[in-house]
Amino acid sequence: MKYIVTLNGKDYEVDVDELDEAVVRSVKDTQPAVSAPVTAAPAATSTKAVAEGTGTPVNSPMPGTILKVVAGVGQKVNEGDVVIILESMKMENEVVAPASGTLTKVCVESGDSVATDEVLAYIG
């Protein structure tokens, strides 16, 4: 489906596929461009390292902010134990261990913003 979206007074044509969630396929400027010098912006770099580890990953079920890391590295957890408290949409959500084992790595800390399916920790 195509939509016209106005952002900061400028119209954009947005092409969106309908799936379980919206995915933007392309965005086209619908207004003619004004001639102006174009300078390249520096590439965006992430300050977060890619979370790598071994074992069963504990993934974020939704985007949000980490409020509290309940279990630390080396702590034994059972399937269903609360590992992390995640705030999303002004609600506190418990992220539970998907398997029993020992927490081998915690990839986040309080205050971190996370995306859906981002790895928060590993259980070995």
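The values are calculated or read from the model by the stated rules, or taken from the named source; none is laboratory data. Note that the structure is predicted; figures quoted are calculated from it, not measured. Glycine gets a Cβ as well: all are built from the backbone with ideal geometry, and neighbour counts include every protein chain shown.
For region 55-108, how many residues meet the condition of being more than 20 Å from the chain's Cα centre (by Cα), among the hydroxyl-bearing types (Ser, Thr, Tyr), closer than 10 Å to Ala121 by Cα and in a loop (DSSP other than H, G, I, E, B)?
Of the residues in that region, 0 qualify.
Give the residues of region 90-124 that are of a type in the set (Asp, Glu) and within 12 Å of Pro61 (Cα to Cα), sorted by residue number. Break it down into steps so the answer makes sense when it comes.
Initial filter on region 90-124 (of a type in the set (Asp, Glu)): 92, 94, 109, 112, 117-118.
Within region 90-124, Glu94, Asp117, Glu118 qualify.
Note down all Cβ pairs under 6 Å where the first residue falls in region 83-99 and is in contact (Cβ under 8 Å) with a residue 24 or more places away in the chain and within 12 Å of Val70 (Cα to Cα), the second is acidic (Asp, Glu) and assigned to a loop (DSSP other than H, G, I, E, B), and they're at least six residues apart or on different chains.
That search, which allows pairs on different chains as well, returns Ala97/Glu79; Ala97/Asp81.
State whether one or more residues within region 14-33 are surrounded by 10 or more Cβ atoms within 10 Å (Cβ to Cβ), modelled with pLDDT of 65 or more and of a type outside the set (A, V, I, L, M, F, W, C).
Among the residues of region 14-33, at least one is surrounded by 10 or more Cβ atoms within 10 Å (Cβ to Cβ), modelled with pLDDT of 65 or more and of a type outside the set (A, V, I, L, M, F, W, C), which makes the answer yes.
Being over 15 Å from Glu52 (Cβ atoms) and either assigned to a strand (DSSP E or B) or touching a helix residue (DSSP H, G or I) at 6+ places or on another chain (Cβ under 8 Å) (or both) is the filter here; which residues of region 109-124 pass it?
Passing the criteria: Ser113, Val114.
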